[in-house]
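These notes are about the structure you will find just below.
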Amino acid sequence: MKTLELAPLSGKKLRVFLIRKAYDEPWLIHSPSSESESKISAIKRPSMAYCDMIKQIAESESPDFATDELGLRSLKEFREDSPVADVFSKLKIPFYAVEMDEVAHSYLSRSIKLKLEKRNEVLDGLRILSDEKITPSVQDKIDRLVAYGQYLHDELEEEIRQVQFGIRESWIAMGILNQAELLKKKRLTAFHLSSPRHFQGMMELLQSLEVDVVPISFKRILAEVPKEEMKGMTELTGVSSVSVVPVIKRPKTKLSDILFFLEADEHASPFDICVAYDAGFDVVVPYSGVSLNQIQDLVQDAIFSRGTKGVKHLCFFVGGRQVSVARQMADRIQKAMVKPFETAVIIDPHGAFSTAAAMVAKAEDALRKLNQGSLKSNIALILAGTGPVGESVAHLLSKSGALTVLTSRNIERAKEVANRASIEGNKVERVQSTSPEDIHELLEDANLIFAVGAPGIQLVSLEQLQSVLGTKILLDVNAVPPSGIESLTPIDDLRELIPENYGIGALTIGDLKLKVQRQMLQEARKNAQGIYDDETALDIARNILKEQREAISKPKLKIEVVTA
Ligand SMILES: NC(=O)c1ccc[n+]([C@@H]2O[C@H](COP(=O)([O-])OP(=O)(O)OC[C@H]3O[C@@H](n4cnc5c(N)ncnc54)[C@H](OP(=O)(O)O)[C@@H]3O)[C@@H](O)[C@H]2O)c1
């Protein structure tokens, strides 16, 4: 007989996608009480829509193995007579039955059977007494038998409940962990298909065993069957046509996820605070007017408060208007952390890193769509580039190898920003531009134009655009009218403004920026290590655009992630 032993995996991380089944897998600790109960398994089969859902989630998550309750099925039926087994087999995902050990089952079932027999004896006794003439002594016997019967019945129900839930779920959890133990990998992903009645119990049990559980329920949508398809079908089969939409719920971690939001300026940006909550942080604590020499105390005060595991539920975010100050602050935060009390640091000063990343990724995407080569083979012009967004765009372009020119109304300011943004070997050129003639000359040479001036300031007129030749990709980040580039509207997404001039507007950029910022925060919260800066933001932006391109060519099932 196998022994029931439950302990967290040692030296391994297991994530289980706990997928609710559409029905409770038939399983009994004692023989079926009625004929209909034993026949009911005929309708307890996964539908095609359910199998489709499993297939699509499996394709996107690539689990290392999958498990399902065996229930009353034989192993042969489990493997050969199950459409879900077919799905996993086609995807080459090992699929195992997990169930209470047979010997344990028969031992427990015997104990329950004995209690059942005793209770039935009492019921028989009561039936006999009810035929007798009711005298005080008969009534007394009845009362005592009723009380005994109630006691036995309650005990029986409690034992059945214990076996059906607590004990059976423990065996199932052990089956899942045992499969994970057999594999060599240190980080594993598994699917477990769970009867609805075990869903909550399995989630809590696996979490208590340090398994990262991603619960997946689904909504059943009854699809209307077109009349022509109904021909030859009974009404019943028509009704059973369902489509299944999964809903993933992430359980709350036991410790709250806290984001410490530090910045040198007067107040933390409400925009960034909202995005942080949307990214799943439970608490955001803003610290404004923070100076560099206050950072060590603040950081150490925070990291030592929750132990080495708890520190992974903290993150630091650096905002503020000045990019160079924000970088220094992030550097100080990292230095203040003492191993193993380390966690993630996100820098996005005034949202400039995520905005710049969105602009540069959109520019690259546009170059690809218009067959205009890479950033490296193009000349970029950053108009009014001395603000945080301009400086961040300049840094990313310098890193990508593009020939970059940055303008300002003031040459000293332009020099300072260009020096800070340049990486060795690819210096950002700086130019003072105060007249329409300057702009004309700069527009002539460039083919990527980034308008990053203050809100509501027009930097290029339509007339100026019409006076220059060649293919131009124009990105304008200003959403306050008038736009930075005349005739470009906020929702433009590579719209041809005039021949060979393609515009990308502030809302199109803003939409990507928001996704990038949220994802940066989400990843930092999840991974709780490393630095999330403009380069991380650019990687994320590129990935989002890549996924969008792929989604157009290959439609995917949408999985709605709901943070509980
Ligand atoms: N769409 C989005 O998702 C998003 C996100 C964040 C920011 N934004 C927008 O991005 C833009 C840049 O943001 P930011 O914070 O970096 O900008 P900023 O610092 O407010 O302004 C950038 C530069 O504009 C120039 N400027 C100011 N007034 C001017 C004027 N009257 N004429 C010509 N130039 C002028 C200044 O350069 P000089 O003084 O050196 O000439 C300034 O350094 C803003 O329009 C902002 O609203 C958009």
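Could you work out how far helix 168-182 tilts from the main Cα principal axis of the chain, as a 0 to 90 degree angle to the nearest 10? Orientation of helix 168-182: about 50 degrees from the principal axis.
With a Förster radius of 25 Å applied to the beta-carbon distance between Lys2 and Lys185, the computed FRET efficiency rounds to 0.55. Of all DSSP bridge pairs formed entirely within region 353-511, close to 20 percent run antiparallel.
Take every DSSP beta bridge with both residues inside the chain and express the antiparallel ones as a percent of the total, to the nearest 5.
DSSP beta bridges in the chain are roughly 15 percent antiparallel.
The relative contact order of the chain, computed from alpha carbon pairs under 8 Å that lie at least 6 residues apart in sequence, is 13 percent.
Quick one: grab the alpha carbon gyration tensor of region 406-453, order the square roots of its eigenvalues as a ≥ b ≥ c, and give me rounded if a/c is under 1.5, else prolate or oblate depending on whether a/b is larger than b/c. Oblate, since a/c reaches 1.5 and b/c is not below a/b. Ordering Val122, Ile457, Ile19 by the projection of their Cα atoms onto the charge dipole of the chain, which places +1 on the Cβ of Lys and Arg and -1 on the Cβ of Asp and Glu, puts Val122 at the extreme positive end.
Extension gain for Asn120-His153 works out to 10.9 nm (0.36 nm per residue, less the C-alpha to C-alpha distance). Applying 1/(1 + (r/R0)^6) with r as the Cβ-Cβ distance of Ser377 and Ser256 and R0 = 60 angstrom yields a FRET efficiency of 0.80. Taking a sphere under 14 Å around the Cβ of Arg495 and counting the other residues whose Cβ falls inside, with K and R at +1 and D and E at -1, yields a net charge of -3. The dipole here belongs to the chain: it is taken about the Cα centre, uses +1 on the Cβ of Lys and Arg and -1 on the Cβ of Asp and Glu, and is about 1220 debye.
The chymotrypsin sites (Phe, Trp or Tyr not before Pro) of region 281-388 meeting both criteria, a DSSP state outside H, G, I, E and B (loop) and at most 15 other C-beta atoms within 10 angstrom of the site's C-beta, are Phe304. Within the set of other residues whose C-beta is less than 10 Å from the C-beta of Ser392, count the net charge using Lys and Arg as +1 and Asp and Glu as -1. After counting each charged neighbour, the total is -4. Taking 25 Å as the limit for the C-alpha separation, the pairs Lys90/Lys184; Lys335/Lys362; Lys44/Lys115 exceed it in the case of Lys335/Lys362; Lys44/Lys115.
Could you tell me the distance between the Cα centroids of region 159-208 and region 332-404, to the nearest Å? That distance is 45 Å.
Give me the net charge for the shell around Val122: Cβ to Cβ below 13 angstrom, other residues only, Lys and Arg +1, Asp and Glu -1.
On the way: positive: Lys115, Lys118, Arg119, Arg127, Lys141, Arg144; negative: Glu117, Glu121, Asp124, Asp143, Asp154, Glu155.
Net local charge, Val122 excluded: 0.
Basic side chains Lys and Arg get +1 at the Cβ, acidic Asp and Glu get -1 at the Cβ, and with that the dipole of region 353-511 about its Cα centre reaches some 480 debye.
Computed on the chain, the Cα convex hull volume stands at 241 Å³ per residue. Each of Ala363, Pro349, Ser400 was placed along the dipole of region 310-407 (beta-carbon charges, centred on the mean Cα), and the one lying farthest toward the positive end is Ser400.
Seen against the Cα atoms of the chain and their longest principal axis, helix 102-131 is set at about 50 degrees. Per residue, the convex hull around the alpha carbon atoms of region 353-511 comes to 91 Å³. Taking the centroid of alpha carbons for each part, region 93-124 and region 1-21 are 23 Å apart.
By the helix-only formula, in which each DSSP H run with n ≥ 4 contributes -39500 (n - 2.57) and the sum is divided by residues, the chain has a 222 nm mean residue ellipticity of -14500 deg cm²/dmol.
With the simple spin-label model, which puts each label point 7 Å out from Cα in the Cβ direction, the Glu424 to Ile142 separation comes to 10.0 nm. Straightening the chain between His267 and Glu547 buys 97.2 nm, computed as 0.36 nm per residue apart minus the Cα-Cα spacing. Measuring r between the beta carbons of Gln328 and Asp511 and using R0 = 41 Å, the FRET efficiency lands at 0.85. For the chain, the longest principal axis of the C-alpha atoms and the axis of helix 534-553 are separated by about 70°.
Distance between the pseudo-spin-label points of Asp297 and His440 (7 Å out from Cα toward the beta carbon): 5.9 nm.
Mean projected area of the convex hull spanned by the Cα atoms of region 64-185, taken over all viewing directions: 10.1 nm². Label positions at Glu500 and Ser288, each projected 7 Å from the Cα along the C-beta direction, are separated by 5.0 nm.
Quick note: the coordinates plus some simple rules give every number you see, no bench work behind them. It should be emphasised that the depicted structure is a prediction, and the values quoted were computed from it without experimental measurement. Cβ atoms come from the backbone with ideal geometry, glycine included; neighbour counts cover every protein chain shown.
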